[in-house]
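The values are calculated or read from the model by the stated rules, or taken from the named source; none is laboratory data. Everything quoted here is computed from the prediction, not taken from an experiment. Cβ: placed from backbone, ideal geometry, glycine included. Neighbour counts: every protein chain shown. Heavy atoms of the whole protein, side chains included, go into the accessibility calculation; ligands, DNA and RNA do not. Shrake-Rupley method; radii C 1.70, N 1.55, O 1.52, S 1.80 Å.
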Amino acid sequence: MNGADAQSPVIVVGAGLAGLTCALDLVRAGLPVRVLEAADEVGGRVRTDRRDGFLLDRGFQVFNTSYPQVKRRIELARLRLRPFTPGVLIHTAEGGRLRFTDPTRRPSDALALLTGKQDRGPGPGQGPGPLALAALGPLCALDLLAPPRLLKRLPELTTREELARWRVPDRVVDGFLRPFLAGVFLEDDLDTSSRMFHLTWRSMLRGTLTLPADGMGAVPRQLAEDLPPGCVERASPVAALSAAGVTFADGSAADARAVVVATDAAAARSLVPGLPAVATRTVTTYHHAATRSPLREPTLLLDARRRILNTCVLTEVAPTYSADGRALISTSVLGTDAPGREAALREVLAELYATGTRDWERVGTTTVAGALPAMVPPWLLSRTGRTASGVYVCGDHRATGSVQGAMASGTRTARELLADLRRP
Ligand SMILES: Cc1cc2nc3c(=O)[nH]c(=O)nc-3n(C[C@H](O)[C@H](O)[C@H](O)COP(=O)(O)OP(=O)(O)OC[C@H]3O[C@@H](n4cnc5c(N)ncnc54)[C@H](O)[C@@H]3O)c2cc1C
């Protein structure tokens, strides 16, 4: 940057997954790096709070072991991962429960899936039938076997249009895929780019959904632990960028050889004029405690009527989420919290879990505005970190709204910055 010499550090603004990943690669290349984080802890959107003996992730999140960046960078053993059962349970419009699972992983469930004969739920569910499900076969085969570079080059449509192109019957789309994907993309119209759908579906088919024993926040903490001591400066919000580096709210400044803005999309736009606006999704997660677990299985429960995105007894997945043995239930809905919403939600949960919910204790409510970029077509799956102003920008909004996307964006930006610095 103008005014800063080659001995100055590279400054990374933001210690979310993108910023931490970028910083790790810059440090490994031998550069001095300062990571300036506004919050009191690293992780950005992936954080876990401890409250009343419970681990509360900031919104329901799952850790997918198949992401390439995860395989490359995360030491899984350090996370003490707890798996979900493969597949999901769906509370049907008729009031029964269906289990959708990958029969290659749980062969014992294949028959139930095909016949619609169901699970010990509140009542029998109406299965989609073998022919309807068979329509998913070729699509699953493509996503499972084709290399990602091919999936990224498929024609881009909305997910709804793509499922129609593959002739997936409406009852499979509306009865299973739409409720499931609503919780993944945080929108329930299947408006998300079909390329993102294929990549996500691939990661679901190949990976295992898990939770770290210490909460999702353990993932960014592990990345931060691998940086040199003192590299991450918490509670250090950057107010503006300058010709020589950055300035803080109190007017003080820090010089930088280069600056990487690794914040969320809105903060990046306020720091770097000229960045495009990115529409985002908002989600609210309610955490409840119950003396008894309402579903003795580590699985996701969905609602075919889409009154919620998903619900899950977190303590069935990772008992460490509760210190006193009570069950911790996480339920997510689209949009923000509002008066009366939680009370209405309890009614829905009573129906879904077939149990009384009046004595459940509400232990937390988290609304995340800007939880994910709205990845509607046309959506570039990877954007350069270089910008016209000379500042570098990374984050999920420059790739895909996911752990993989954020880390891949940080990786790409570090690679580009290093290449630029090496240029004579
Ligand atoms: C509720 C929810 C559920 C999700 N579920 C999943 C899931 O199951 N699987 C999955 O793969 N992905 C999931 N995601 C998406 C994934 O968490 C994000 O895509 C990813 O964490 C984004 O990382 P990031 O580094 O790009 O941005 P962020 O995490 O937003 O990090 C940006 C950082 O910049 C800091 N910052 C901002 N402004 C400043 C400033 N001025 N100065 C200094 N620092 C600043 C912020 O405090 C923050 O720490 C979910 C997201 C949410 C919110």
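So here's what we get for this one:
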read-out	value
Potential extension, Ala277-Thr336 segment - 0.36 nm per residue separation minus Cα distance	19.1 nm
Overall form of the range 1-71 per C-alpha gyration tensor (a/c, 1.5; a/b vs b/c)	oblate
In the range 145-209, the trypsin sites (Lys or Arg not before Pro) that fall in loop regions by DSSP, at most 13 other Cβ within 10 Å	Arg153, Arg167
Prolate/oblate/rounded label for the chain (Cα gyration tensor, a/c 1.5)	prolate
Potential extension, Ala141-Arg206 segment - 0.36 nm per residue separation minus Cα distance	22.3 nm
For the range 163-293: relative contact order, % (alpha-carbon pairs under 8 angstrom, 6 or more apart)	12 percent
Most mobile listed residue (Pro86, Pro32, Pro339) in the chain, GNM with C-alpha springs under 10 Å	Pro339
Residue-averaged [θ]222 nm for the chain, counting only DSSP H segments that reach four residues, each worth -39500 (n - 2.57)	-8500 deg cm²/dmol
Degrees, to the nearest 10: 403-422 long Cα axis against longest axis of the chain	20 degrees
Point-charge dipole on Cβ atoms (K/R +1, D/E -1) for the chain, about Cα centre, debye to 20	1080 debye
Low-density loop cleavage sites - trypsin sites (Lys or Arg not before Pro) in the range 248-295, where at most 16 other Cβ are within 10 Å (DSSP)	Arg292
Theoretical FRET efficiency, 1/(1+(r/R0)^6), r = Cβ-Cβ of Glu75 and Arg358, R0 45 Å, to 0.05	0.55
Among beta bridges that DSSP assigns inside the chain, antiparallel share in %, nearest 5	75 percent
Carbon plus sulfur fraction of accessible area for the chain, probe 1.4 Å, in percent	53 percent
Residue with peak Gaussian network fluctuation, the chain [Cα springs, cutoff 10 Å], from Val12, Val278, Val261	Val278
The chain, relative contact order [Cα under 8 Å, separation at least 6], %	25 percent
Candidates Pro319, Pro377, Pro276, ranked by Gaussian network fluctuation over the chain, Cα under 10 Å, top entry	Pro276
Filtered GluC sites (Glu not before Pro), the range 319-413: DSSP coil and at most 15 other beta carbons within 10 Å	none
Solvent-accessible area per residue for the chain (1.4 angstrom probe, square angstrom)	42 Å²
